[in-house]
Amino acid sequence: MAELDEEMIAFAHRMFDLARSGGTEELVQSVTAGLTANLTNDKGDTLLILAAYHNHVDTVIALLEQGADPNRVNDRGQSALSAAVFRQNPETVKSLLAVGADPHAGTPSALATADFFKLPEMAELLREA
């Protein structure tokens, strides 16, 4: 496997920062130019997981439109859907469910997250799916 140079590492960090901050336009431009929509960091967090956790529904939708996998989990077994449930963001939850995110996937699953943190509104959204 080829080693990453400092410029490539800086670029990857920039992409993760864009996912965290909701930099949708620049992030989509990079994906359109060839960046994988399923890029992961050293913890296995995808751009989608980070955008969902930081409540950027527009970025989540854009990444899904660019082919991001809604069921991919990080190294701790967490999915974008469980992140959105934890953050109690119904718009993001609905967007992920609309493209087939599995409420039972991951450890803990989105349903388990809703139950553990006593989030009945989130659990209801998941059960309706």
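Only the coordinates and a few stated rules stand behind these numbers; no lab work does. Since this is a predicted model, take the numbers as computed values, not measurements. All Cβ positions, even for glycine, are placed from backbone atoms using ideal geometry, and neighbour counts span all protein chains on display.
Using θ = phi - 60° and the Karplus form 6.51 cos²θ - 1.76 cosθ + 1.60, what ³J(HN,Hα) does each residue of the stretch 106-111 get, whole Hz, x for Gly and Pro?
With coefficients 6.51, -1.76 and 1.60, one gets x, 9, x, 5, 4, 5 Hz.
Helix-derived [θ] at 222 nm for the chain: sum -39500 (n - 2.57) over DSSP H runs of at least 4, divide by residue count, nearest 500? Intermediate results must be reported in sequence, preceding the final value.
Values: 8 runs with 73 residues, N = 129.
After summing the helix terms and dividing by the residues of the chain, the value is -16000 deg cm²/dmol.
Rounded to two decimals, what is the ratio between the C-alpha radius of gyration of the chain and 2.2 N^0.38 Å?
Working: Rg = 14.5 Å, N = 129, 2.2 N^0.38 = 13.9 Å.
Its radius of gyration relative to the 2.2 N^0.38 Å reference: 1.04.
What FRET efficiency do you get for Ala10 and Asp75 if R0 is 22 Å and r is their Cβ-Cβ distance, rounded to the nearest 0.05? Intermediate values should be presented prior to the final figure.
Details: r = 22 Å, r/R0 = 1.02.
Efficiency at R0 = 22 Å is approximately 0.45.
Could you let me know the centre-to-centre spacing of the stretch 70-129 and the stretch 1-60, using Cα atoms, in angstrom?
Using only Cα atoms to place each centre, the spacing works out to 21 Å.
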